[in-house]
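The values are calculated or read from the model by the stated rules, or taken from the named source; none is laboratory data. The structure presented is a predicted model; accordingly, all values stated were derived computationally and were not measured. For neighbour counting, all protein chains shown are included, and Cβ atoms are generated from backbone atoms with ideal geometry for every residue, glycine included. Calculation scope for accessible area: heavy atoms of the full protein, side chains included, ligands and nucleic acids excluded. Shrake-Rupley method; radii C 1.70, N 1.55, O 1.52, S 1.80 Å.
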Amino acid sequence: MGNPVIVCKNLTRRFGSFTAVDHVSFEVQGGSIFGFLGPNGSGKSTVIRMLCGILAPTEGSASIDGIDVVDQNARLKGRIGYMSQKFSLYDELTVHENLLFYGKLYGLKGEKLRARHQELIKLTHLEPYLNRRAALLSGGWRQRLAMACALVHEPTVLFLDEPTAGIDPVARRELWDLLFEFSSMGMTLFVTTHYMDEAERCTHVGYIYMSKLVVCGMPDELKNLPEVNPPGTRRVDVTCEHVTTALQQMRHLPGVLSATVFGQSMHLLLDPSINDQLILDKLRSGGISHADIHNIGPSLEDVFVALTDKHAQETGAVA
Ligand code: ADP
Ligand code: MG
């Protein structure tokens, strides 16, 4: 790690009067796994498309390895791999044939094509599925094939747009293991995801909300930001039954600064006036007789919730 490989400055894209990406600036260091998060429609794919030179920025600039994404589009193509949200595999072709097809598309032939084909199979562990038609692969293996195809020309920066969407948890973890392997080989990875557990695996994360970059940094650094941990406050996890009902009660309890559901429990940010007994009493008055409460540090999701609220207040947007 060290030098910035991806650099965006005030990157902006408008579609008519709508601004899909609004003055986004950040840098990604070489060798990092950069997780790009944000709700649907916040502008993640549009940023990727601009970084890959597919879509021209309306304003601002971006470069990869010092190559301007607009002016030096042809050179850029050799450096980057792009696995889009709907990466095109040929369903009626086998794994082997898809790899050959993409290899030829990138101008490989003869011994070079054969050698790269072998490398990619090894890299993505696709050997057992070589003769299977792409249409018959499970989600996880399909994504592996797509990754192999995106890596045919040995790019040093790989963009993956929601590579794990709609994939079961075991396959998701296996795909992440593969991403770590790529990273250990020195590749820089730019990954968008909806999943917070995946964000925690990244070396760096950026969060985009309503076209604007809210925050960017290393997970631990972000969890320690003062905006996330206002002085005197503490964060608790509350596990109880009827958690969505409990959430509404907590939102009406003075001194609860924020309340968010996390699976079977909720996270509360509390000012110093609130002790655990007050929470238990409030829940009991609403018919919830038992709850487990314990102090926690912020998760990345807490970080994004806290910073989005602050950002919305500052910009007058509705969070
Ligand atoms: P994300 O990937 O975060 O879900 P996108 O970057 O795909 O978000 O989209 C951001 C916003 O820009 C959305 O409101 C989307 O409808 C809009 N958008 C994206 N591409 C186009 C386009 N080609 N024309 C018009 N609007 C677009
Ligand atoms: Mg998208």
Practice item. Determine whether the range 79-99 contains at least one residue that is on the phi > 0 side of the Ramachandran plot and among the small types (Gly, Ala, Ser). Key: no
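Please determine whether any residue of the range 163-180 is within 16 Å of ligand 1 (Cβ to nearest atom) and in contact with a Phe, Trp or Tyr (Cβ under 6 Å, 6 or more places away or on another chain).
No, there is no match, as no residue in the range 163-180 is within 16 Å of ligand 1 (Cβ to nearest atom) and in contact with a Phe, Trp or Tyr (Cβ under 6 Å, 6 or more places away or on another chain).
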Study note, to complete from the structure: Taking the range 2-35 and keeping only residues that are over 19 Å from Val205 (Cβ atoms) and aromatic (Phe, Trp, Tyr), one is left with Phe15, Phe18
Exercise for review: Six or more apart or on different chains, Cβ under 8 Å: which pairs go from a residue in the range 10-26 that's modelled with pLDDT of 95 or more to one that's open to solvent by less than 60 Å² (accessible area, probe 1.4 Å) and charged (D, E, K, R)? Could you list them?
Suggested key: Thr12/Asp22; Thr19/Arg13; Ala20/Arg13; Val21/Arg13
Check your understanding: Between residues in the range 161-181 that are free of Cβ contacts under 8 Å to residues at least 60 places away in the same chain and residues that are within 16 Å of ligand 1 (Cβ to nearest atom), which pairs lie under 6 Å by C-beta distance while being six or more apart or on different chains?
Key -> Arg172/Thr164; Leu175/Thr164
Exercise for review: Consider only pairs whose beta carbons are under 6 Å apart and that are at least six residues apart or on different chains; among these, list those whose first residue lies in the range 42-57 and is closer than 13 Å to His23 by Cβ and whose second residue is assigned to a loop (DSSP other than H, G, I, E, B) and near ligand 1 (Cβ under 8 Å from one of its atoms).
Suggested key: Gly43/Ser211
Check your understanding: Out of all the residues in the range 49-64, is one or more open to solvent by less than 10 Å² (accessible area, probe 1.4 Å), assigned by TED's automatic domain parsing to the domain that holds Thr193, within 11 Å of ligand 1 (Cβ to nearest atom) and in contact with a strand residue (DSSP E or B) (Cβ under 9 Å, 6 or more places away or on another chain)?
Key -> yes
Check your understanding: In the range 208-219, is there at least one residue being among the hydrophobic types (A, V, I, L, M, F, W, C), without any contact (Cβ under 8 Å) to a residue 24 or more places away in the chain, over 18 Å from Asn275 (Cα atoms) and in a helix (DSSP H, G or I)?
Key -> no
Exercise for review: Mind listing just one residue for me: the one in the range 23-48 that is of a type outside the set (Gly, Ala, Ser) and surrounded by fewer than 19 Cβ atoms within 10 Å (Cβ to Cβ) and, of those, nearest to ligand 1 (Cβ to nearest atom)?
Suggested key: Asn40
